[in-house]
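Some notes on the structure that comes next.
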Amino acid sequence: DSLYDDLGGLDNITRFTNRLVDRTFADPRTAHQFKQTKKDRLARLLVDQICEATGGPCRYKGVNMKKSHIKLGITEAEFNALVEQLQQAMSEADVPFHTQNRLLAILAPMKRDIVER
Ligand code: HEM
């Protein structure tokens, strides 16, 4: 089975991504970065990105990670907060711990393009 299937397919990816974005926009550790961001659009792009990256039938049409995060001055602490929010969102959507870690392993290398140093 693909990771896409193990995550519960598009329905469950949409479920935990919406929960992630809700948390990210509400959590004071990250909310300040998203004051000018349209939540629905970001959630749709994230769903496509996760779906495609895990072997699903979607195609991500957004900007690459380096270009979309440049100049935001994102810190390692902000990145880690978002990872924690994603773990909580996946737990709420009943994604098993081991499956959560398989997705996190795909996202982790993006850190070098997202965090400013
Ligand atoms: C692995 C972690 C992350 C992934 C996969 C990710 C993914 C994305 C994607 C797909 C977009 C949309 C790009 C587009 O507009 O075409 C985006 C934009 C953005 N991300 Fe991230 N991101 C991550 C981490 C973070 C973190 C830690 C922050 C700050 C706390 C952040 C803040 C933003 C902001 C402010 C935008 C711009 C949204 C807009 O256009 O208004 N991201 N990200």
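The values are calculated or read from the model by the stated rules, or taken from the named source; none is laboratory data. Here the structure is a predicted model, which means the values were calculated and not measured. For neighbour counting, all protein chains shown are included, and Cβ atoms are generated from backbone atoms with ideal geometry for every residue, glycine included.
Side notes on the structure shown:
- Count - residues of the range 83-117 that are over 19 Å from ASN12 (Cβ atoms), under 11 Å from the mean Cα position of the chain (by Cα) and within 9 Å of the ligand (Cβ to nearest atom): 2
- Yes/no for GLN49 being in a helix (DSSP H, G or I), surrounded by 12 or more Cβ atoms within 10 Å (Cβ to Cβ) and in contact with a Leu (Cβ under 6 Å, 6 or more places away or on another chain): no
- Residue-level check: of (1) in a loop (DSSP other than H, G, I, E, B); (2) touching a residue at least 12 places away in the same chain (Cβ under 8 Å); (3) more than 10 Å from the ligand (Cβ to nearest atom), ASP1 misses just (2).
- Test result for CYS58, part of a helix (DSSP H, G or I) and at pLDDT 95 or above: no
- Count of residues meeting criterion [hydrophobic (A, V, I, L, M, F, W, C), within 10 Å of the ligand (Cβ to nearest atom) and either free of Cβ contacts under 8 Å to residues at least 12 places away in the same chain or surrounded by fewer than 17 Cβ atoms within 10 Å (Cβ to Cβ) (or both)] in the range 5-41: 2
- Single unsatisfied condition, ASP11 versus (1) closer than 23 Å to ASN80 by Cα; (2) in a helix (DSSP H, G or I): (1)
- Any hit, the range 91-99, residues being in contact (Cβ under 8 Å) with a residue 60 or more places away in the chain and aliphatic (A, V, I, L, M): yes
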